[in-house]
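The values are calculated or read from the model by the stated rules, or taken from the named source; none is laboratory data. The structure displayed is predicted, hence computed values, not measured ones. Methodologically, a virtual Cβ is constructed for each residue, glycine included, from the backbone with ideal geometry; neighbour enumeration extends over all protein chains shown. Surface accessibility is based on the protein's heavy atoms, side chains included, excluding ligands, DNA and RNA. Shrake-Rupley method; radii C 1.70, N 1.55, O 1.52, S 1.80 Å.
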Amino acid sequence: MDVGNRTPLYEAHLAQGAKMADFSGWEMPIHYGSQIEEHHQVRRDAGMFDVSHMCVVDLLGAKSRDFLRYLLANDVAKIDDQPGKALYSCMLNKRGGVIDDLIIYHMSSVWYRLVVNAGTREKDIAWLARHAASFGIEVEVRTDLAMIAVQGPSARDKVHRVLGARADAAAVLERFYATESGPLFIARTGYTGEDGYEIMLPEDEAEDYWYALREAGVSPCGLGARDTLRLEAGMNLYGQDMSEETSPLTSGLGWTIAWQPEDRRFVGREALEAEREAGPLQHLVGLVLEDKGVLRAHQKVIVDGLGEGETTSGSFAPTLGKAIALARIPVGEATHCSVEIRNKRLRARIVKPPFVRNGKSVID
Amino acid sequence: MSNVPDELKYTRSHEWVRREADGTITVGITEHAQELLGDMVFVELPEGGRALTAEEDCAVVESVKAASDIYAPVDGEVTEVNSALEESPEIVNQDPYGDGWLFRMRPADEAELDGLLDAAGYNAVVAEEA
(Lines give C-alpha, C1' and ligand atoms only; values in the text may rest on other atoms or scores of the structure.)
Protein backbone atom coordinates (compact mmCIF):
# COMPACT_ATOMS: atom_id res chain seq x y z
CA MET A 1 0.00 0.00 0.00
CA ASP A 2 1.18 3.49 -0.81
CA VAL A 3 1.99 5.68 2.11
CA GLY A 4 -0.27 8.73 1.95
CA ASN A 5 0.89 12.31 2.26
CA ARG A 6 1.55 13.32 5.84
CA THR A 7 1.08 16.71 7.46
CA PRO A 8 3.65 18.23 9.85
CA LEU A 9 1.33 17.11 12.67
CA TYR A 10 1.35 13.41 11.75
CA GLU A 11 3.59 12.39 14.67
CA ALA A 12 1.52 14.46 17.10
CA HIS A 13 -1.64 12.66 15.98
CA LEU A 14 -0.08 9.26 16.57
CA ALA A 15 1.25 10.38 19.96
CA GLN A 16 -2.28 11.44 20.91
CA GLY A 17 -3.79 8.10 19.95
CA ALA A 18 -5.49 9.11 16.72
CA LYS A 19 -7.12 6.57 14.49
CA MET A 20 -5.74 7.48 11.08
CA ALA A 21 -7.35 6.95 7.70
CA ASP A 22 -6.84 7.95 4.11
CA PHE A 23 -8.45 11.23 3.15
CA SER A 24 -7.92 12.25 -0.48
CA GLY A 25 -4.47 10.70 -0.42
CA TRP A 26 -3.56 12.11 2.99
CA GLU A 27 -3.12 10.13 6.20
CA MET A 28 -5.37 12.08 8.51
CA PRO A 29 -6.82 11.59 12.01
CA ILE A 30 -10.46 10.43 11.92
CA HIS A 31 -10.86 10.57 15.69
CA TYR A 32 -8.79 10.34 18.88
CA GLY A 33 -11.19 8.00 20.70
CA SER A 34 -14.74 9.24 20.31
CA GLN A 35 -16.01 11.20 17.33
CA ILE A 36 -19.15 12.22 19.21
CA GLU A 37 -17.22 13.55 22.21
CA GLU A 38 -15.06 15.59 19.85
CA HIS A 39 -18.16 16.95 18.15
CA HIS A 40 -19.63 18.07 21.49
CA GLN A 41 -16.30 19.54 22.52
CA VAL A 42 -16.45 21.94 19.56
CA ARG A 43 -20.10 22.86 20.13
CA ARG A 44 -19.61 23.43 23.86
CA ASP A 45 -16.00 24.56 24.35
CA ALA A 46 -13.13 24.40 21.85
CA GLY A 47 -11.62 21.83 19.53
CA MET A 48 -8.84 21.88 16.96
CA PHE A 49 -8.42 20.18 13.61
CA ASP A 50 -5.34 19.60 11.54
CA VAL A 51 -6.46 20.80 8.12
CA SER A 52 -2.98 21.05 6.63
CA HIS A 53 -4.11 18.77 3.81
CA MET A 54 -6.10 21.69 2.42
CA CYS A 55 -4.28 23.63 -0.22
CA VAL A 56 -3.29 27.27 0.22
CA VAL A 57 -2.68 29.15 -3.02
CA ASP A 58 -1.47 32.74 -3.26
CA LEU A 59 -2.34 34.76 -6.35
CA LEU A 60 0.11 37.58 -6.88
CA GLY A 61 -0.03 40.33 -9.44
CA ALA A 62 -1.76 43.59 -10.34
CA LYS A 63 -4.50 41.77 -12.26
CA SER A 64 -5.36 39.27 -9.51
CA ARG A 65 -8.71 40.97 -8.96
CA ASP A 66 -9.61 40.89 -12.68
CA PHE A 67 -8.52 37.28 -12.83
CA LEU A 68 -10.79 36.25 -9.93
CA ARG A 69 -13.72 38.26 -11.29
CA TYR A 70 -13.38 36.17 -14.45
CA LEU A 71 -12.77 32.83 -12.75
CA LEU A 72 -15.25 32.78 -9.86
CA ALA A 73 -19.05 32.79 -9.70
CA ASN A 74 -18.98 35.10 -6.68
CA ASP A 75 -17.54 38.57 -7.22
CA VAL A 76 -14.39 39.67 -5.38
CA ALA A 77 -15.49 43.26 -6.10
CA LYS A 78 -17.71 42.73 -3.03
CA ILE A 79 -14.56 42.71 -0.88
CA ASP A 80 -12.76 45.62 -2.55
CA ASP A 81 -11.35 48.11 -0.05
CA GLN A 82 -11.74 45.60 2.79
CA PRO A 83 -8.26 44.23 3.44
CA GLY A 84 -8.41 40.81 5.07
CA LYS A 85 -12.03 40.19 4.11
CA ALA A 86 -12.96 36.65 3.06
CA LEU A 87 -15.40 35.54 0.37
CA TYR A 88 -16.84 32.07 -0.31
CA SER A 89 -17.26 31.11 -3.96
CA CYS A 90 -17.61 28.31 -6.43
CA MET A 91 -15.20 27.97 -9.31
CA LEU A 92 -17.18 26.70 -12.30
CA ASN A 93 -16.50 25.02 -15.60
CA LYS A 94 -18.15 26.29 -18.79
CA ARG A 95 -21.17 24.02 -18.21
CA GLY A 96 -21.78 25.68 -14.85
CA GLY A 97 -20.58 22.59 -12.96
CA VAL A 98 -18.61 23.11 -9.75
CA ILE A 99 -14.86 22.49 -10.15
CA ASP A 100 -14.39 23.38 -6.48
CA ASP A 101 -15.67 25.60 -3.71
CA LEU A 102 -13.14 27.82 -2.02
CA ILE A 103 -12.44 30.72 0.30
CA ILE A 104 -10.67 33.82 -0.99
CA TYR A 105 -8.97 36.26 1.35
CA HIS A 106 -8.38 39.72 -0.06
CA MET A 107 -5.01 40.65 1.45
CA SER A 108 -3.97 43.58 -0.80
CA SER A 109 -4.57 44.88 -4.30
CA VAL A 110 -1.86 42.52 -5.57
CA TRP A 111 -2.38 39.55 -3.26
CA TYR A 112 -5.36 37.22 -2.84
CA ARG A 113 -5.08 34.01 -0.84
CA LEU A 114 -7.21 31.00 -1.79
CA VAL A 115 -7.90 27.85 0.20
CA VAL A 116 -9.02 24.91 -1.92
CA ASN A 117 -9.96 21.32 -1.12
CA ALA A 118 -7.36 18.57 -0.77
CA GLY A 119 -9.19 16.24 -3.12
CA THR A 120 -9.32 18.78 -5.94
CA ARG A 121 -5.85 20.23 -5.43
CA GLU A 122 -4.26 19.04 -8.68
CA LYS A 123 -7.09 19.99 -11.02
CA ASP A 124 -7.59 23.34 -9.26
CA ILE A 125 -3.95 24.28 -9.62
CA ALA A 126 -3.99 23.21 -13.28
CA TRP A 127 -7.16 25.26 -13.91
CA LEU A 128 -5.75 28.32 -12.14
CA ALA A 129 -2.43 28.04 -13.97
CA ARG A 130 -4.14 27.61 -17.33
CA HIS A 131 -6.04 30.88 -16.95
CA ALA A 132 -3.42 32.80 -14.98
CA ALA A 133 -0.96 33.17 -17.84
CA SER A 134 -3.04 35.61 -19.85
CA PHE A 135 -3.55 37.80 -16.75
CA GLY A 136 0.13 37.78 -15.84
CA ILE A 137 -0.65 36.30 -12.44
CA GLU A 138 1.78 34.34 -10.36
CA VAL A 139 0.20 31.24 -8.79
CA GLU A 140 2.12 30.20 -5.70
CA VAL A 141 1.12 26.95 -4.00
CA ARG A 142 2.03 27.29 -0.32
CA THR A 143 3.11 23.76 0.54
CA ASP A 144 5.29 25.36 3.23
CA LEU A 145 2.25 26.18 5.36
CA ALA A 146 0.38 24.03 7.86
CA MET A 147 -3.17 24.89 8.89
CA ILE A 148 -4.92 24.40 12.22
CA ALA A 149 -8.63 25.19 12.67
CA VAL A 150 -9.60 26.05 16.25
CA GLN A 151 -13.38 26.14 16.63
CA GLY A 152 -15.95 26.51 19.36
CA PRO A 153 -17.46 29.12 21.70
CA SER A 154 -14.24 29.43 23.75
CA ALA A 155 -11.86 28.87 20.83
CA ARG A 156 -10.87 32.50 20.37
CA ASP A 157 -10.09 33.07 24.06
CA LYS A 158 -7.92 30.00 24.19
CA VAL A 159 -6.08 30.91 21.00
CA HIS A 160 -5.44 34.43 22.34
CA ARG A 161 -3.87 32.94 25.44
CA VAL A 162 -1.51 30.85 23.34
CA LEU A 163 -0.62 33.69 20.98
CA GLY A 164 0.39 36.12 23.72
CA ALA A 165 1.48 39.41 22.15
CA ARG A 166 0.53 38.13 18.69
CA ALA A 167 -3.10 37.88 19.81
CA ASP A 168 -3.74 41.62 19.47
CA ALA A 169 -4.16 41.50 15.70
CA ALA A 170 -6.52 38.51 15.99
CA ALA A 171 -8.60 39.86 18.85
CA VAL A 172 -9.89 42.79 16.78
CA LEU A 173 -10.85 40.66 13.75
CA GLU A 174 -14.49 40.66 12.78
CA ARG A 175 -16.09 37.47 11.52
CA PHE A 176 -14.92 36.44 8.07
CA TYR A 177 -11.75 38.53 8.18
CA ALA A 178 -8.10 37.50 8.25
CA THR A 179 -4.88 39.15 9.31
CA GLU A 180 -1.20 38.45 9.45
CA SER A 181 0.54 38.34 12.79
CA GLY A 182 4.25 37.67 12.55
CA PRO A 183 4.63 34.41 10.64
CA LEU A 184 0.99 33.49 11.31
CA PHE A 185 -2.00 34.04 9.07
CA ILE A 186 -5.09 34.13 11.27
CA ALA A 187 -8.58 33.98 9.78
CA ARG A 188 -11.85 34.17 11.70
CA THR A 189 -13.43 31.53 9.49
CA GLY A 190 -14.28 27.86 9.79
CA TYR A 191 -16.32 24.86 8.72
CA THR A 192 -18.26 23.99 11.86
CA GLY A 193 -20.93 26.66 12.39
CA GLU A 194 -19.03 27.90 15.45
CA ASP A 195 -16.86 30.93 16.03
CA GLY A 196 -13.11 30.43 15.91
CA TYR A 197 -10.02 30.68 13.78
CA GLU A 198 -8.27 28.97 10.94
CA ILE A 199 -4.56 29.56 11.45
CA MET A 200 -1.95 29.06 8.75
CA LEU A 201 1.59 28.81 9.99
CA PRO A 202 5.07 27.68 8.93
CA GLU A 203 5.13 23.89 8.96
CA ASP A 204 8.04 23.66 11.37
CA GLU A 205 6.08 25.62 13.99
CA ALA A 206 2.88 23.61 13.68
CA GLU A 207 3.68 21.03 16.33
CA ASP A 208 4.67 23.61 18.98
CA TYR A 209 1.42 25.49 18.45
CA TRP A 210 -0.60 22.26 18.44
CA TYR A 211 0.77 21.24 21.85
CA ALA A 212 0.45 24.78 23.22
CA LEU A 213 -3.22 24.82 22.21
CA ARG A 214 -3.66 21.42 23.85
CA GLU A 215 -2.10 22.87 26.98
CA ALA A 216 -4.60 25.74 26.83
CA GLY A 217 -7.48 23.25 26.88
CA VAL A 218 -8.25 22.87 23.19
CA SER A 219 -9.10 19.22 22.38
CA PRO A 220 -7.72 17.56 19.27
CA CYS A 221 -10.60 16.58 16.99
CA GLY A 222 -10.58 14.34 13.95
CA LEU A 223 -12.05 14.78 10.51
CA GLY A 224 -14.97 12.56 11.54
CA ALA A 225 -16.25 15.24 13.90
CA ARG A 226 -15.46 17.90 11.33
CA ASP A 227 -17.87 16.16 8.95
CA THR A 228 -20.79 15.95 11.41
CA LEU A 229 -20.16 19.56 12.48
CA ARG A 230 -20.20 20.90 8.93
CA LEU A 231 -23.29 18.85 8.09
CA GLU A 232 -25.17 20.25 11.10
CA ALA A 233 -24.01 23.69 9.99
CA GLY A 234 -25.54 23.00 6.56
CA MET A 235 -22.23 23.41 4.76
CA ASN A 236 -21.63 21.46 1.57
CA LEU A 237 -18.80 19.01 1.13
CA TYR A 238 -17.23 19.05 -2.30
CA GLY A 239 -17.45 15.72 -4.13
CA GLN A 240 -20.46 14.74 -2.06
CA ASP A 241 -23.02 17.55 -2.10
CA MET A 242 -21.78 19.08 -5.33
CA SER A 243 -19.44 18.21 -8.19
CA GLU A 244 -18.66 19.11 -11.78
CA GLU A 245 -21.99 17.51 -12.70
CA THR A 246 -24.08 19.85 -10.52
CA SER A 247 -24.39 23.61 -10.60
CA PRO A 248 -24.52 26.00 -7.62
CA LEU A 249 -28.26 26.42 -8.36
CA THR A 250 -28.97 22.75 -7.62
CA SER A 251 -26.46 22.66 -4.73
CA GLY A 252 -27.99 25.19 -2.35
CA LEU A 253 -25.37 27.73 -3.41
CA GLY A 254 -27.43 30.14 -5.50
CA TRP A 255 -26.60 32.81 -2.90
CA THR A 256 -22.92 32.61 -3.85
CA ILE A 257 -23.54 33.57 -7.48
CA ALA A 258 -23.01 37.29 -8.12
CA TRP A 259 -25.36 38.00 -11.07
CA GLN A 260 -24.70 41.73 -10.86
CA PRO A 261 -23.09 43.48 -12.64
CA GLU A 262 -24.50 41.79 -15.71
CA ASP A 263 -21.47 42.52 -17.84
CA ARG A 264 -19.14 40.43 -15.66
CA ARG A 265 -18.60 37.42 -17.93
CA PHE A 266 -17.33 34.84 -15.42
CA VAL A 267 -16.67 31.24 -16.45
CA GLY A 268 -19.94 29.28 -16.37
CA ARG A 269 -22.20 32.35 -16.47
CA GLU A 270 -23.96 31.47 -19.72
CA ALA A 271 -24.80 27.97 -18.56
CA LEU A 272 -26.08 29.29 -15.22
CA GLU A 273 -28.22 31.92 -16.94
CA ALA A 274 -29.76 29.28 -19.18
CA GLU A 275 -30.46 27.08 -16.15
CA ARG A 276 -31.98 29.98 -14.22
CA GLU A 277 -34.09 30.93 -17.21
CA ALA A 278 -35.46 27.41 -17.61
CA GLY A 279 -35.90 27.06 -13.84
CA PRO A 280 -33.69 24.52 -12.04
CA LEU A 281 -35.34 21.10 -11.81
CA GLN A 282 -33.77 20.15 -8.51
CA HIS A 283 -32.61 21.82 -5.33
CA LEU A 284 -30.60 20.89 -2.27
CA VAL A 285 -32.58 20.73 0.97
CA GLY A 286 -32.09 19.55 4.52
CA LEU A 287 -33.81 16.43 5.87
CA VAL A 288 -34.53 15.52 9.48
CA LEU A 289 -35.48 11.88 9.97
CA GLU A 290 -38.66 11.49 12.03
CA ASP A 291 -38.57 7.68 12.19
CA LYS A 292 -35.73 5.78 13.83
CA GLY A 293 -32.60 5.15 11.78
CA VAL A 294 -29.60 6.91 10.31
CA LEU A 295 -29.46 8.86 7.07
CA ARG A 296 -26.44 8.29 4.85
CA ALA A 297 -25.32 9.57 1.46
CA HIS A 298 -26.95 8.06 -1.65
CA GLN A 299 -30.24 6.94 -0.14
CA LYS A 300 -33.29 7.26 -2.36
CA VAL A 301 -35.68 10.09 -1.46
CA ILE A 302 -39.33 9.99 -2.55
CA VAL A 303 -41.32 13.23 -2.52
CA ASP A 304 -45.04 12.57 -3.02
CA GLY A 305 -46.33 14.20 -6.17
CA LEU A 306 -42.91 15.56 -7.15
CA GLY A 307 -40.70 12.57 -7.84
CA GLU A 308 -37.47 11.12 -6.57
CA GLY A 309 -34.15 12.43 -5.41
CA GLU A 310 -31.15 11.34 -3.38
CA THR A 311 -29.38 12.17 -0.14
CA THR A 312 -25.93 13.60 -0.79
CA SER A 313 -24.61 13.61 2.81
CA GLY A 314 -26.19 12.06 5.87
CA SER A 315 -25.32 11.22 9.44
CA PHE A 316 -26.47 11.07 12.99
CA ALA A 317 -26.33 14.68 14.22
CA PRO A 318 -24.87 14.60 17.75
CA THR A 319 -26.13 18.08 18.70
CA LEU A 320 -29.71 17.21 17.72
CA GLY A 321 -29.70 13.53 18.65
CA LYS A 322 -31.38 12.86 15.30
CA ALA A 323 -30.39 11.75 11.83
CA ILE A 324 -30.05 14.53 9.27
CA ALA A 325 -29.08 14.79 5.63
CA LEU A 326 -28.63 17.06 2.69
CA ALA A 327 -30.63 15.83 -0.29
CA ARG A 328 -31.07 16.83 -3.91
CA ILE A 329 -34.78 16.57 -4.69
CA PRO A 330 -37.21 17.86 -7.35
CA VAL A 331 -38.19 21.52 -6.97
CA GLY A 332 -41.70 22.06 -5.57
CA GLU A 333 -43.71 22.60 -2.41
CA ALA A 334 -43.31 19.78 0.08
CA THR A 335 -42.92 19.56 3.85
CA HIS A 336 -42.12 15.85 4.13
CA CYS A 337 -40.64 13.01 2.13
CA SER A 338 -39.72 9.34 2.46
CA VAL A 339 -36.21 7.99 2.51
CA GLU A 340 -35.57 4.41 1.49
CA ILE A 341 -33.31 2.63 3.95
CA ARG A 342 -32.80 -1.13 3.65
CA ASN A 343 -36.05 -1.54 1.70
CA LYS A 344 -38.08 0.40 4.25
CA ARG A 345 -39.52 3.85 3.70
CA LEU A 346 -38.87 6.18 6.61
CA ARG A 347 -40.47 9.57 7.04
CA ALA A 348 -38.36 12.73 7.01
CA ARG A 349 -39.13 16.41 7.35
CA ILE A 350 -37.79 18.82 4.75
CA VAL A 351 -36.02 21.85 6.23
CA LYS A 352 -33.85 24.69 5.07
CA PRO A 353 -30.24 24.24 6.26
CA PRO A 354 -28.45 25.03 8.52
CA PHE A 355 -29.58 22.66 11.26
CA VAL A 356 -27.32 24.10 13.98
CA ARG A 357 -25.63 27.48 14.50
CA ASN A 358 -23.49 28.54 17.43
CA GLY A 359 -24.28 25.45 19.46
CA LYS A 360 -28.08 25.65 19.07
CA SER A 361 -30.63 23.88 16.92
CA VAL A 362 -32.17 26.26 14.37
CA ILE A 363 -34.67 23.89 12.75
CA ASP A 364 -37.68 24.22 15.06
CA MET B 1 -4.96 -5.98 21.65
CA SER B 2 -8.66 -5.94 22.48
CA ASN B 3 -10.35 -8.22 24.95
CA VAL B 4 -11.45 -11.66 23.64
CA PRO B 5 -12.92 -13.67 26.56
CA ASP B 6 -12.00 -17.37 26.52
CA GLU B 7 -15.44 -18.60 27.58
CA LEU B 8 -17.22 -17.25 24.47
CA LYS B 9 -17.59 -18.55 20.91
CA TYR B 10 -17.05 -16.28 17.88
CA THR B 11 -17.84 -15.86 14.20
CA ARG B 12 -15.61 -14.58 11.41
CA SER B 13 -18.01 -11.64 11.10
CA HIS B 14 -17.16 -10.43 14.63
CA GLU B 15 -20.19 -11.63 16.61
CA TRP B 16 -19.66 -13.33 19.97
CA VAL B 17 -21.91 -16.12 21.30
CA ARG B 18 -22.49 -17.16 24.91
CA ARG B 19 -24.27 -20.41 25.87
CA GLU B 20 -26.81 -19.77 28.61
CA ALA B 21 -27.99 -22.27 31.25
CA ASP B 22 -31.51 -22.40 29.75
CA GLY B 23 -30.26 -23.64 26.38
CA THR B 24 -30.47 -20.29 24.61
CA ILE B 25 -27.50 -18.33 23.31
CA THR B 26 -26.73 -14.63 23.66
CA VAL B 27 -25.25 -12.78 20.68
CA GLY B 28 -23.32 -9.53 20.59
CA ILE B 29 -20.44 -7.90 18.74
CA THR B 30 -16.85 -8.13 19.92
CA GLU B 31 -14.86 -5.37 21.54
CA HIS B 32 -12.70 -5.31 18.42
CA ALA B 33 -15.77 -4.80 16.20
CA GLN B 34 -17.16 -1.93 18.27
CA GLU B 35 -13.74 -0.29 18.26
CA LEU B 36 -13.60 -0.50 14.48
CA LEU B 37 -17.08 0.92 14.07
CA GLY B 38 -16.76 3.73 16.61
CA ASP B 39 -19.59 5.51 18.44
CA MET B 40 -22.87 3.62 18.03
CA VAL B 41 -25.89 5.76 17.25
CA PHE B 42 -28.56 3.25 16.18
CA VAL B 43 -29.26 -0.45 16.58
CA GLU B 44 -31.94 -2.31 14.63
CA LEU B 45 -32.82 -5.68 16.18
CA PRO B 46 -34.78 -8.65 14.84
CA GLU B 47 -38.40 -9.31 15.84
CA GLY B 48 -38.85 -11.74 18.72
CA GLY B 49 -39.85 -15.19 17.41
CA ARG B 50 -38.19 -14.68 14.02
CA ALA B 51 -36.63 -17.84 12.60
CA LEU B 52 -33.04 -17.28 11.50
CA THR B 53 -30.68 -19.22 9.30
CA ALA B 54 -26.96 -19.24 10.06
CA GLU B 55 -25.18 -16.30 8.37
CA GLU B 56 -28.47 -14.55 7.65
CA ASP B 57 -28.30 -10.79 8.23
CA CYS B 58 -30.73 -10.17 11.04
CA ALA B 59 -29.72 -6.93 12.76
CA VAL B 60 -27.90 -3.70 11.97
CA VAL B 61 -25.61 -1.63 14.16
CA GLU B 62 -24.93 1.89 12.96
CA SER B 63 -22.10 4.05 14.21
CA VAL B 64 -21.57 7.69 13.29
CA LYS B 65 -19.34 6.33 10.57
CA ALA B 66 -21.22 3.46 8.96
CA ALA B 67 -23.95 0.82 9.09
CA SER B 68 -22.88 -2.76 9.68
CA ASP B 69 -24.94 -5.95 9.30
CA ILE B 70 -25.09 -8.50 12.10
CA TYR B 71 -25.36 -12.16 11.08
CA ALA B 72 -27.05 -15.06 12.86
CA PRO B 73 -24.30 -17.33 14.16
CA VAL B 74 -26.41 -20.51 13.81
CA ASP B 75 -29.94 -21.59 12.76
CA GLY B 76 -32.57 -20.89 15.38
CA GLU B 77 -35.31 -18.65 16.69
CA VAL B 78 -35.02 -15.24 18.31
CA THR B 79 -36.24 -15.41 21.92
CA GLU B 80 -35.34 -11.97 23.26
CA VAL B 81 -33.82 -8.69 22.09
CA ASN B 82 -31.96 -6.07 24.11
CA SER B 83 -34.47 -3.24 23.85
CA ALA B 84 -32.34 -0.97 26.07
CA LEU B 85 -30.21 -0.38 22.97
CA GLU B 86 -33.04 1.44 21.24
CA GLU B 87 -32.60 4.43 23.54
CA SER B 88 -28.93 3.89 24.40
CA PRO B 89 -26.99 2.30 21.54
CA GLU B 90 -23.74 3.52 23.13
CA ILE B 91 -23.98 0.62 25.61
CA VAL B 92 -22.57 -1.54 22.79
CA ASN B 93 -19.38 0.56 22.97
CA GLN B 94 -19.27 0.70 26.75
CA ASP B 95 -19.93 -2.96 27.54
CA PRO B 96 -19.84 -5.09 24.37
CA TYR B 97 -19.72 -8.45 26.23
CA GLY B 98 -22.17 -7.48 28.97
CA ASP B 99 -25.07 -4.99 28.86
CA GLY B 100 -24.33 -4.34 25.18
CA TRP B 101 -25.60 -7.77 24.04
CA LEU B 102 -27.90 -7.65 21.00
CA PHE B 103 -30.31 -10.60 21.05
CA ARG B 104 -30.88 -14.13 22.34
CA MET B 105 -31.88 -17.13 20.28
CA ARG B 106 -32.68 -20.82 20.74
CA PRO B 107 -30.42 -22.80 18.40
CA ALA B 108 -32.14 -25.39 16.22
CA ASP B 109 -29.21 -27.72 16.77
CA GLU B 110 -26.83 -27.14 19.66
CA ALA B 111 -24.14 -29.14 17.91
CA GLU B 112 -23.87 -26.29 15.40
CA LEU B 113 -22.27 -24.19 18.14
CA ASP B 114 -19.23 -26.44 18.11
CA GLY B 115 -18.52 -25.22 14.60
CA LEU B 116 -17.96 -21.64 15.78
CA LEU B 117 -14.52 -20.19 16.50
CA ASP B 118 -12.96 -20.26 19.96
CA ALA B 119 -11.05 -17.27 21.33
CA ALA B 120 -7.77 -18.35 19.73
CA GLY B 121 -9.49 -18.88 16.38
CA TYR B 122 -11.09 -15.45 16.55
CA ASN B 123 -7.80 -13.80 17.52
CA ALA B 124 -6.31 -15.36 14.39
CA VAL B 125 -9.11 -13.86 12.26
CA VAL B 126 -8.46 -10.41 13.73
CA ALA B 127 -4.70 -10.76 13.18
CA GLU B 128 -5.35 -11.80 9.58
CA GLU B 129 -7.44 -8.70 8.90
CA ALA B 130 -4.99 -6.28 10.47
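For this structure, a couple of remarks:
- Cα gyration tensor category, rounded, prolate or oblate, for chain A with a/c compared to 1.5: oblate
- When the surface is traced with a 1.4 Å probe over the full set of protein chains, A:Phe185 keeps roughly 10 Å² accessible.
- Under the span-like rule (Cα at least 27 Å along the axis, Kyte-Doolittle mean at least 1.6), DSSP H helices of chain A: none
- For the protein assembly as shown, the solvent-accessible area of protein heavy atoms averages 43 Å² per residue (probe radius 1.4 Å; ligands and nucleic acids excluded).
- Rounded if a/c under 1.5, otherwise prolate or oblate - region A:68-218, Cα gyration tensor axes: prolate
- Gain on full extension, evaluated as 0.36 nm per residue between A:Glu277 and A:Asp22 minus their Cα-Cα distance, stands at 87.6 nm.
- The solvent-accessible area of A:Thr143, taken with every protein chain present and a 1.4 Å probe, is close to 90 Å².
- Interface residues of region A:296-338, defined as a loss of at least 20 Å² in heavy-atom accessible area between the chain alone and the complex of all protein chains with a 1.4 Å probe, are A:Arg296, A:Phe316.
- Normalised contact order of chain A, rounded percent, pairs of Cα under 8 Å and 6 or more residues apart: 18
- For region A:48-147, the square roots a ≥ b ≥ c of the C-alpha gyration tensor eigenvalues yield an a/c under 1.5, which makes the shape rounded.
- Rounded to whole Å, the principal axis extents of the Cα atoms in region A:1-94 read 46, 38, 25, largest first.
- When the listed pairs A:Lys78/A:Lys360; A:Lys19/A:Lys322; A:Lys94/A:Lys123; A:Lys19/A:Lys158; A:Lys322/A:Lys352 are checked against a 18 Å cut-off, the alpha-carbon distance exceeds it for A:Lys78/A:Lys360; A:Lys19/A:Lys322; A:Lys19/A:Lys158.
- 3J(HN,Hα) along region A:344-357, derived from phi through the Karplus expression 6.51 cos²θ - 1.76 cosθ + 1.60 where θ = phi - 60°, amounts to 10, 9, 10, 8, 9, 8, 8, 10, 9, x, x, 9, 9, 9 Hz, with x in place of Gly and Pro.
- For the chain pair A and B, the interface hides roughly 1300 square angstrom of accessible area in total, found with a 1.4 Å probe.
- Computed per residue of the protein assembly as shown from DSSP H runs no shorter than four, each worth -39500 (n - 2.57), the mean residue ellipticity at 222 nm is -6000 deg cm²/dmol.
- Between amide H atoms placed 1.01 Å from N, distances below 5 Å from B:Leu52 occur with B:Gly76, B:Glu77, B:Val78, all of them 5 or more places distant or on a separate chain.
- The GluC sites (Glu not before Pro) of region B:1-98 that meet both conditions, a loop assignment by DSSP and at most 10 other Cβ atoms within 10 Å of the site Cβ, are B:Glu7, B:Glu47.
- Translational D in µm²/s for region A:281-361 (Stokes-Einstein at 37 °C, 0.692 mPa s, Kirkwood Rh from C-alpha pairs): 265
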